[in-house]
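The values are calculated or read from the model by the stated rules, or taken from the named source; none is laboratory data. This structure is a prediction, so every number in the text was calculated from the model and none was measured. Here Cβ is always computed from backbone atoms with ideal geometry, including for glycine, and neighbour counts include all displayed protein chains. The area values use the complete protein model at the heavy-atom level, side chains included, leaving out ligands, DNA and RNA. Shrake-Rupley method; radii C 1.70, N 1.55, O 1.52, S 1.80 Å.
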Amino acid sequence: MTGEVGDKRERDFLGYGMNRPDPKWPNDAKLALSFVVNLEEGAEDSFEDGQPVNDKLGEFQSILPDGQRDLAIEQFHEYGLRAGVWRILDLFDRYERKVTFYMCGRAVERTPQVAAEIVARGHEPALHGYRWYCHARFEDYETEKREIEKATEIIENVTGERPRGFYSMWAPSLNTRTILQEMDFVYDSNEYNDDLPYYRAVRGGPMLVVPYSLDTNDFKFIVGDPFGAPSAFLEYLKRSVEVLIEEGERGGPKLLNIGLHLRIVGRPGRLWAIQQLLEYLKSLGDDVWVARRIDIARHWLSTNPPVQDT
């Protein structure tokens, strides 16, 4: 069985339009905010791990050719697990915030003690594939489903908690959402097209989408559109919060996603921006609901359930 199994993925340029639902965030919050930390290190393309190429992006782009092991890029990724993750976990502990970790099965397999500690501290394990790999590259349903099943089993066995949300690097295949629905995932985050959760029709019925975003993502520190100074990153994040709170005050509460990486924001200078943002959020009190994605998903299913066909 190949090709489109269930998700025809027709484009929708209107979404909610002018009739956006009331999310009814807890405590009448004006904004829901989702921190996502990516646990990918050890699952990246690596000649050492059997791939024909290495990941290319570190603090500088790799200068080595494909087919040759790149120890510098390997060490860039290793930093996230050796040092960055503990700095990030301790920061969220100090501010008593629980967040979502997008976990690659291969990364969890290589450092199970890290993944177990993350979940022990109350954070959500969401699935980020087995490898740090774009699922749009899967050409058949069976291969992709085996990878998702394998990664799900690894994460559940290591952490004691089954992942209920999913996000693939960059883009899904046309089969991904059907597979997630068949496996009883609660939500999918492979959409960048809205500021509120919504439902997508899949073969077995509606699937909840908790959309993600890439503008408020620390990955921009290491690609062609870098934030540069952490103060610039902080300013962008704060301005996003400010605008969305204003919209919430006018009756249109939204969702803001902030994407982080152990090997990037886990560096001291960049973590400063997140610490300052957490201080700012603390000052806003109940106006901002900082929540794990699974909690946002379950809230949405309760307050804005899918419309049943009659």
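Worth pointing out:
- Close contacts from segment 56-72, counting a first residue that is in contact (Cβ under 8 Å) with a residue 60 or more places away in the chain and a second that is part of a loop (DSSP other than H, G, I, E, B), with Cβ to Cβ under 9 Å and a gap of 6+ residues or different chains, come to 57/222; 57/223; 58/70; 58/222; 58/263; 59/222; 59/267.
- Taking the listed residues 278, 260, the one that is farther than 30 Å from residue 206 by Cα and out of contact with any Ser or Thr (no Cβ under 7 Å at 6 or more places or on another chain) is 278, with no other qualifying.
- Here residue 17 meets the list (1) open to solvent by less than 60 Å² (accessible area, probe 1.4 Å); (2) more than 28 Å from residue 225 (Cα to Cα); (3) touching a helix residue (DSSP H, G or I) at 6+ places or on another chain (Cβ under 9 Å) almost entirely, failing just condition (3).
- In segment 138-148, residue most open to solvent (accessible area, probe 1.4 Å) [restricted to those that are assigned to a helix (DSSP H, G or I) and not β-branched (Val, Ile, Thr)]: 146
- Checking each residue in segment 170-213 for being without any contact (Cβ under 8 Å) to a residue 24 or more places away in the chain, open to solvent by less than 60 Å² (accessible area, probe 1.4 Å) and not in a loop (DSSP other than H, G, I, E, B) picks out 188, 209.
- Members of segment 153-168 found to be in contact (Cβ under 8 Å) with a residue 60 or more places away in the chain and part of a loop (DSSP other than H, G, I, E, B), listed by number: 163, 164, 167
- Of note, residue 47 satisfies the criterion of being among the aromatic types (Phe, Trp, Tyr), in contact with a Gly (Cβ under 8 Å, 6 or more places away or on another chain), open to solvent by 10 Å² or more (accessible area, probe 1.4 Å) and farther than 16 Å from residue 196 by Cα.
- Selection count, segment 27-44, where residues are over 23 Å from residue 137 (Cα atoms) and surrounded by 19 or more Cβ atoms within 10 Å (Cβ to Cβ): 9
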